[in-house]
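Sharing a structure, written as structure tokens. Questions coming.
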Amino acid sequence: MKSFFKHKYKTLIFYILGLVILGFLIYRLDVSTIGDALKSVGTKIFFVFLAAIPWMLMDTLSIYNLTHFRVPFFHTMFNQLTGNGYNAIIPLAGLGGEPYKVKHFTRWLEIDFATRAIIQDRLLHMLSGTMYSSLSAFALLFIAPLGPEIYGIVLVTAIAFFVYSLLAIWVTVSNAPTEVSGFILKKLKFLEEYRHERLSKRRFIVSFGFKMASRIFTLLEIYVIFLVFGMNPTFVEVMTVSGALFMSVSLGFFVPQGMGVNEYSISYGFVLIGLGEALGLTAGLLRRARIIFWALFGVVLHIGSEMIIRFFGKNGAEEG
């Protein structure tokens, strides 16, 4: 219990750090330019919100596979929307909603099965993020006008992420000797749960494929943000901004929801393609608005469903 509160305290510090970074970005830029850009977007911001639906479906299909299809798809989608809503609003390293997800799944699954599925889903999410970040970093090396000092950092990051991803995937699905896999699992602590029950290669490939598809669909959000700004971006421009964003997602994982860090990286991506830091920060704020929208949607959906269940349950009891 003491270690839990200690971890929560550290997470809160990083969350505040992210807010400070975001505040500094807004302070040193032309606020009026950002305000004008946000006004020009208006109600078109809902297109940014809707752009998240394709990758949310991919994430749902991933865990649907991990539960062996024993949880109905509609309820799996509900689990993801509501659980991820709590993950976004609770400053606990994006894990605040995981216990709730497990509890919800126990309506259909044994608690150990539900726990394992949620843990496996979280680990695959991390693995796909690292792999996609690596591929995005490699793409940046070829398509973005990086300076010599930045080029070296991106190259080292791309290689490190790629090697780390391959090693983690190998440990996850291989039949490596116990001594070797045990040593690696101790080093890669977030994979320790696989010691007890390793994912089958087929189920891993299917779920990991859905997770990678989810990552690729995030390009749609960047593209839609350009569209609501009245621009028609090239694929290279979209990839440049996306690559900068995903590098920050992996490097700044210690900041809950990437607060401030993600906005800075998107701004830098816009600078690389010559569109200015202020417009980039505005794009980052639109993305942050999307996160808040779906988080609130998930929480309201959960609370509303619980109220409906209790209301009808009470009425049913009175009639009985």
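The values are calculated or read from the model by the stated rules, or taken from the named source; none is laboratory data. Given the structure is predicted, the values throughout are model-derived calculations rather than measurements. Because the Cβ atoms are built from the backbone with ideal geometry, glycine has one as well, and the counts that use them run over all protein chains shown.
Does segment 102-113 hold any residues that are among the hydrophobic types (A, V, I, L, M, F, W, C) and at pLDDT 90 or above, and which are they?
Of segment 102-113, the ones among the hydrophobic types (A, V, I, L, M, F, W, C) are 102, 105, 108-109, 111, 113.
Phe105, Trp108, Leu109 - these are the residues of segment 102-113 that are among the hydrophobic types (A, V, I, L, M, F, W, C) and at pLDDT 90 or above.
Among the residues of segment 271-302, write down those that are out of contact with any Ser or Thr (no Cβ under 9 Å at 6 or more places or on another chain) and farther than 30 Å from Phe74 by Cβ.
Of everything in segment 271-302, those that are out of contact with any Ser or Thr (no Cβ under 9 Å at 6 or more places or on another chain) and farther than 30 Å from Phe74 by Cβ turn out to be Val271, Gly274, Leu275, Leu285.
Residues being within 15 Å of Phe270 (Cα to Cα) and aromatic (Phe, Trp, Tyr): count how many of those fall in segment 197-236.
Within segment 197-236, residues that are within 15 Å of Phe270 (Cα to Cα) and aromatic (Phe, Trp, Tyr) number 4.
Per-residue answers, yes or no, for (1) out of contact with any helix residue (DSSP H, G or I) (no Cβ under 9 Å at 6 or more places or on another chain); (2) within 24 Å of Gly209 (Cβ to Cβ); (3) without any contact (Cβ under 8 Å) to a residue 12 or more places away in the chain:
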position: Asp112; (1), (2), (3): yes, no, yes
position: Leu141; (1), (2), (3): no, no, no
position: Ala158; (1), (2), (3): no, yes, no
position: Ser165; (1), (2), (3): no, yes, no
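Would you confirm whether any residue within segment 142-156 is within 24 Å of Val236 (Cβ to Cβ), of a type in the set (Ser, Thr, Tyr) and assigned to a helix (DSSP H, G or I)? Walk me through it before giving the result.
The initial filter retains those residues of segment 142-156 that are within 24 Å of Val236 (Cβ to Cβ), namely 142-156.
Remaining after also requiring of a type in the set (Ser, Thr, Tyr): 151.
From what's left, assigned to a helix (DSSP H, G or I): 151.
Checked against the condition, which is being within 24 Å of Val236 (Cβ to Cβ), of a type in the set (Ser, Thr, Tyr) and assigned to a helix (DSSP H, G or I), segment 142-156 yields at least one hit.
Sticking with this one: Can you tell me which of Leu123, Leu141 is closer than 30 Å to Val271 by Cα and not aromatic (Phe, Trp, Tyr)? Before you say what the answer is, go through the steps one by one.
Details: Leu123 fails: closer than 30 Å to Val271 by Cα.
Just a single option satisfies the conditions, and that option is Leu141.
Can you confirm whether segment 75-86 contains a residue that is over 20 Å from the mean Cα position of the chain (by Cα), at pLDDT 70 or above and within 28 Å of Leu199 (Cα to Cα)? Step through it out loud before you land on a result.
Pass one, segment 75-86, residues over 20 Å from the mean Cα position of the chain (by Cα): 75.
Still in the list and also at pLDDT 70 or above: 75.
Restricting the remaining residues to those that are within 28 Å of Leu199 (Cα to Cα) gives 75.
Yes: one or more hits.
Can you find even one residue in segment 222-234 that is at positive phi and either modelled with pLDDT of 80 or more or touching a Lys or Arg at 6+ places or on another chain (Cβ under 7 Å) (or both)?
Our first condition is that a residue be at positive phi; within segment 222-234, this holds for 230.
Those left that are additionally either modelled with pLDDT of 80 or more or touching a Lys or Arg at 6+ places or on another chain (Cβ under 7 Å) (or both): 230.
Among the residues of segment 222-234, at least one is at positive phi and either modelled with pLDDT of 80 or more or touching a Lys or Arg at 6+ places or on another chain (Cβ under 7 Å) (or both), which makes the answer yes.
What single numbered condition from (1) among the charged types (D, E, K, R); (2) under 16 Å from the mean Cα position of the chain (by Cα); (3) modelled with pLDDT of 80 or more fails to hold for Glu263?
The one condition Glu263 does not meet is (3).
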